[in-house]
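A.B. asks: One structure coming up, written as structure tokens, with questions to follow.
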Amino acid sequence: MADKRTPQQQMAVTSRGGKLLVSAAAGSGKTKVLVDRLLGYLTQEHDPANLDEFLIITYTKAAASELRGKIAAKLTEEIARQPENRHLQRQMQRLFLTKISTVHGFCSDLLREYAYKLDIAADFRVADENECREIRETVLEGLLDRAYETAGDDPDFRAFVDTQGVGRSDRQVPELVEKVYDSAHCHLNPEAWLDKCLTDAEAEGVSDAGKTVWGQYLIRDFREYLDCQMAVLRQCAESADSCPGLEKPAVTLRDALYQLEQLRACTTWDDIAAKREPRFGSLRFPTKNNPDPELTERIKAAWSACKDGLKKKLLGFSNDSAQVLTDLHQTAAAQRGLVALVRQFDRDYSAAKRSRRVLDFGDLEHKTLDLLLGKSRSQPTAAAREIGRRYREIMVDEYQDSNGVQDAIFDALTREKQNCFMVGDVKQSIYQFRLADPGIFLEKYEKYVPARQAEPGQGRKILLSHNFRSGAEVIDAVNDVFHTCMRPKVGGLTYGEAEELREGIPHVPLDDAVELHVIETRDDQYPEEAAFVAEQIARMLREGTPVYCFTRVRNVDGEPLILETSYYPQYIYPNLTRDMLQTHSFYSLLYHVGIVPFAADESYEAVILEDSCAALLGVPSGSCAFFHQRLTRTEDGRIYEYTRSYIRGDRVRLDVHMQKSGMNFVRTID
């Protein structure tokens, strides 16, 4: 991507005066904007900032390290342009003091600093996932053993186990306890959330099942389904009306549409239950001289889907309100038993961690909230104001993957100065399985006003829609799919003109650039998708997909060290020219189109060099060397580089350090 910014990028770099949400589509240069905004603060004429006046939160440690490197590179460029600027030169030293970390890394540092306020040991460790799993399993085993021993005196526990036992196995019990525990700790006040769950289960004073939280959800979902099916049947009826010879099917369709409208008008649970068996007529088409066989098949498919789907939806309304409420009251005891187990697990798990002087990631977040908002979670504490005043701005990357607790931390630190910069893309939220809540991003997206219209102190938003990675063919295809599929219920927002991707850099037009394959899957592991991708890769190999091949000799201290050959699929940078390679690093070109290394698999093998390789490396034929192979992947798992290298064995040593939690590997040049 060129250094010239789009108007939206420029606004994201320079907008000040309130919390700023940047909705940055894929390939729109969000990292560039973040780095440029940071450099803008450092180089402004009035009161230029220091780097360590900023807190920058990233989602992973790797992203934090990468971002620090990009800031260093940008700072180096700026110093080269202003070699006499002493302030900028000092920033290179301050870069290593700047807090660029994950939210958990930041919380950990904060808790060590303020441990005396929270009655925790300042020398605590952060337990990794394996250690947490070990502690959890031990605690759960002891908890359930004790619960079963006293089950005779605990009717709530017996009710809970009875609802979860399948045959002779109760393995779902510990799984459910952990799931509810984790869900509770994604809320600001886990205890209050558990209390609300119990209150909802009791449903005291409710006479209509449709007024319970579950009834409200089922009725709302049913109405949304009816709205969709009514639109489909209306379109089918209109198409049949306009086709001579299909008048009878049109009448049947309109009769069914009327019955759906009657169901849609129901306001209570019992109203729906009373109409749960609609009587649709038979849909008959001419068997001879059918005026439009293709239309007939489309109407039949829509009719069948509507009837089958409606039958499944109405199963939820099989009982009347009185029976549903009776059943709900009976399950209240089971829910009390579950919540009691969760609370006891919380106490036992906390005690086990305390005995080991460890905290888990959830502890880091909640104890930081204790520091910043107090136990009541009401207003920022004096500590929150003190810490918040350290930072000129708090920058949060990948904001769409934050949860409610993390967002409360950011808010507590920036409530006084309204100095939070949040960047992300709800369409790329992929960590809901880790309890991320993209609804937080969407709430601000709907609430904040466009930056041009914002008053001082008012939350504002900017959309970055220019994509610098892909050509028009890919962008148009993505827009078409998202326009069709993306709605508030599917994806969280309506994909309109403002959300459309736009081509950032003109690309050479490609023929047949986009393929869309719809794959029917049977379970969450998606084996059909994996098989399809494998076949596509095999086909590309058989057909000889074009690749770039670079061979180069890498020198160290003026002597050849590595003979390296790298292969890249042509589609990752289809417009590469030899002139571009004369003036740019290929890796920098890949970075500008969004190809960033995330993981790699490497192997080393001792070999004897042949004549041609030995000559290029400046050693005798038959010399020893390491044969090195590497496959490099992006964060989404795409392989974009395969490298084969011969490394002189007389100048390189491989060091391996092993310990209980893992292994470190170092390649040393002697």
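The values are calculated or read from the model by the stated rules, or taken from the named source; none is laboratory data. Since the structure is predicted, the reported quantities are computational estimates derived from the model, not experimental observations. Note that we place each Cβ from the backbone using ideal geometry, even for glycine, and neighbour counts take in every protein chain shown. Note: accessible area is taken over every heavy atom of the protein model, side chains too, but ligands, DNA and RNA are not part of it. Shrake-Rupley method; radii C 1.70, N 1.55, O 1.52, S 1.80 Å.
A.B. asks: Asp200 to Lys311: extension gain in nm, 0.36 nm per residue of separation minus the Cα-Cα distance?
C.D. replies: 37.2 nm
A.B. asks: Along Cα→Cβ, 7 Å out, is where each label goes; now give me the distance between the ones at Arg578 and His329 in nm to one decimal.
C.D. replies: Result: 8.7 nm between the two label points.
A.B. asks: Just the accessible area for Thr138, please: 1.4 Å probe, Å², rounded to the nearest 10?
C.D. replies: Approximately 90 Å² of Thr138 is accessible to the 1.4 Å probe.
A.B. asks: Please compute the length gained on full extension between Arg171 and Leu510, using 0.36 nm multiplied by the number of residues separating them and subtracting their Cα-Cα distance.
C.D. replies: Full extension from Arg171 to Leu510 adds 116.6 nm.
A.B. asks: Measure nothing fancy, just the Cα-based angle from helix 361-373's long axis to the longest principal axis of the chain, in degrees from 0 to 90, nearest 10.
C.D. replies: Tilt of helix 361-373: around 80 degrees.
A.B. asks: Further question: With contacts defined as alpha carbon pairs under 8 Å and 6 or more residues apart, what's the relative contact order of the chain in percent?
C.D. replies: 16
A.B. asks: What is the distance in Å between the Cα centroid of the stretch 100-121 and that of the stretch 557-573?
C.D. replies: Comparing the Cα centres of the stretch 100-121 and the stretch 557-573, I get a distance of 43 Å.
A.B. asks: What does the C-alpha gyration tensor say about the overall shape of the stretch 318-477? Classify as rounded when a/c is under 1.5, otherwise prolate if a/b is larger than b/c, or oblate.
C.D. replies: oblate
A.B. asks: Rounded, prolate or oblate, given the Cα gyration tensor of the stretch 345-399, with a/c below 1.5 counting as rounded?
C.D. replies: prolate
A.B. asks: When the Cα atoms of the stretch 1-102 are enclosed in a convex hull and the volume is divided per residue, what value in Å³ results?
C.D. replies: 117
A.B. asks: Leaving out ligands and nucleic acids, and using a 1.4 Å probe, what accessible area per residue does the stretch 181-289 come to in Å²?
C.D. replies: The answer is 57 Å² per residue.
A.B. asks: What is the percent carbon and sulfur in the accessible area of the stretch 249-381, measuring with a 1.4 Å probe over the protein chains and ignoring ligands?
C.D. replies: 49
A.B. asks: Averaged per residue, what accessible surface does the stretch 330-454 expose to a 1.4 Å probe, in Å²?
C.D. replies: 42
A.B. asks: Going down the list Lys74/Lys461; Lys99/Lys375; Lys70/Lys179; Lys19/Lys99; Lys353/Lys461; Lys375/Lys427, which pairs span over 31 Å between their C-alpha atoms?
C.D. replies: Lys70/Lys179; Lys353/Lys461; Lys375/Lys427
A.B. asks: Another one. Cα axis of helix 293-314 to longest principal axis of the chain: angle in degrees, 0 to 90, nearest 10?
C.D. replies: 80
A.B. asks: Provide the percentage of antiparallel DSSP beta bridges, counting only those with both residues in the chain; round to the nearest 5.
C.D. replies: For the chain, the DSSP antiparallel bridge percentage is about 60.
A.B. asks: Counting Lys and Arg as +1 and Asp and Glu as -1, each charge on the Cβ, what is the dipole of the chain about the Cα centre in debye, to the nearest 20?
C.D. replies: Its charge dipole is roughly 1340 debye.
A.B. asks: Is the C-alpha gyration tensor of the stretch 293-353 telling us rounded, prolate or oblate? Criteria: a/c under 1.5 is rounded; beyond that, a/b larger than b/c is prolate, otherwise oblate.
C.D. replies: oblate
A.B. asks: Which whole number in µm²/s is D for the chain by Stokes-Einstein, with the Kirkwood Rh taken over Cα pairs at 10 °C and 1.306 mPa s?
C.D. replies: Here the translational diffusion coefficient equals 52 µm²/s.
A.B. asks: Counting Lys and Arg as +1 and Asp and Glu as -1, each charge on the Cβ, what is the dipole of the stretch 377-472 about the Cα centre in debye, to the nearest 20?
C.D. replies: With only Lys, Arg, Asp and Glu charged at Cβ, the dipole is about 260 debye.
A.B. asks: Might you tell me the accessible area per residue for the stretch 542-594, computed with a 1.4 Å probe and given in Å²?
C.D. replies: 61
A.B. asks: Return the carbon/sulfur percentage of the accessible area of the stretch 60-181, one whole number, probe 1.4 Å, all protein chains in place.
C.D. replies: 49
A.B. asks: Residues with amide H under 5 Å of Met395's amide H, sequence separation 5 or more or different chain, H placed in the peptide plane at 1.01 Å from N; which?
C.D. replies: Leu55, Ile56, Ile57, Phe421
A.B. asks: Carbon and sulfur together cover what percent of the accessible area of the stretch 514-572 at a 1.4 Å probe radius?
C.D. replies: C and S fraction of accessible area: 53 percent.
A.B. asks: Note the angle between two axes, namely the Cα long axis of helix 61-81 and the longest principal axis of the Cα atoms of the chain, as a number of degrees from 0 to 90, rounded to the nearest 10.
C.D. replies: The two axes meet at around 50 degrees.
A.B. asks: Under the rule of -39500 (n - 2.57) per DSSP H run of 4 or more residues, summed and divided by the residues of the chain, what mean residue ellipticity at 222 nm is obtained, to the nearest 500 deg cm²/dmol?
C.D. replies: -15500 deg cm²/dmol
A.B. asks: Please work out the C-alpha center-to-center distance from the stretch 273-321 to the stretch 331-394 and express it in whole Å.
C.D. replies: 52
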